[in-house]
Amino acid sequence: MSGASPTRARRVAEHPGAGGPDVPQSRALSGRRLGAAALLLGASVLLSRVLGFARDMVLAHRLGVGTATDAFSAAFQIPDLLNYLLAGGALAIAFTPLYLRALQREGEASAARLFHTVLGTLGAVTIVLTVVLWVYADAAIALQFGDFDAETRALTTRLTRIVLPAQIFFVTGGIVRAVLMAHGRFGAQAAAPL
């Protein structure tokens, strides 16, 4: 291990799989740091809920009850379904241990290949599903909200098509945030719900 300090060499020898000279160590989560990360993530979720409640109050005040409000609420149903199926937080939770294992056992290059493969594949699948849902949005809205009149259904379809592309960024962003969390960086994950 040329260039490695004796202390680092001893640590790597005592803990195989904890990283060699080519494997940068993820920022270790001590008890205090883990508690701070949990507090940051919990506070961001709480703030997200408070902001969501405030948003709903403003919308209710500005739009009131009516077909526009129904269309606005309904427009998020199909994009949210795509998000729940592909991202929904579970994706990052499932990917993080795989990434860490590749990073610790096979090094940075292997972990980067895994990241790029998963990001590219999931991004492509999300784009294809988004395009399919975009094309068939009218039929999906008619199926899901058959009791809407034609005008409300058309507005819901238009709003759904506006919201749908965001799912591409939510899904791919979930993978990027998982890698950041694996390296001990929690700011992006904390900002995500906001």
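Key figures
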item	result
Complete set of residues in region 141-165 that are under 17 Å from Leu85 (Cα atoms) and free of Cβ contacts under 8 Å to residues at least 40 places away in the same chain	Pro165
Filter result (open to solvent by 70 Å² or more (accessible area, probe 1.4 Å) and not in a helix (DSSP H, G or I)) within region 135-177	Tyr136, Asp147, Asp149
Where a residue in region 114-140 is within 30 Å of Thr152 (Cα to Cα) and free of Cβ contacts under 8 Å to residues at least 40 places away in the same chain and its partner, wherever it lies, is open to solvent by 50 Å² or more (accessible area, probe 1.4 Å) and in a helix (DSSP H, G or I), with Cβ under 9 Å and at least six apart	Trp134/Arg161; Asp138/Arg153; Asp138/Ala154
Odd one out for His61 among (1) free of Cβ contacts under 8 Å to residues at least 24 places away in the same chain; (2) open to solvent by less than 50 Å² (accessible area, probe 1.4 Å); (3) not charged (D, E, K, R)	(2)
Given (1) loosely packed, with under 15 Cβ neighbours inside 10 Å; (2) part of a helix (DSSP H, G or I); (3) touching a residue at least 12 places away in the same chain (Cβ under 8 Å), number of the condition Gly184 does not satisfy	(2)
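This table checks each residue for (1) in contact with an Asp or Glu (Cβ under 6 Å, 6 or more places away or on another chain); (2) closer than 20 Å to Val176 by Cβ; (3) at pLDDT below 95; (4) hydroxyl-bearing (Ser, Thr, Tyr).
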| residue | (1), (2), (3), (4) |
| --- | --- |
| Gln104 | no, yes, yes, no |
| Glu108 | no, yes, yes, no |
| Arg113 | no, yes, no, no |
| Leu129 | no, yes, yes, no |
| Val135 | no, no, no, no |
| Asp147 | no, no, yes, no |
| Ala154 | no, no, no, no |
| Thr157 | yes, no, no, yes |
| Ile162 | no, no, no, no |
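The values are calculated or read from the model by the stated rules, or taken from the named source; none is laboratory data. On a predicted model such as this, the values are computed, not experimentally measured, just so you know. Here the Cβ is made from the backbone with ideal geometry for all residues, glycine too, and neighbour counts use every protein chain on show. Just the protein is used for accessible areas: all its heavy atoms, side chains included, with ligands, DNA and RNA removed. Shrake-Rupley method; radii C 1.70, N 1.55, O 1.52, S 1.80 Å.
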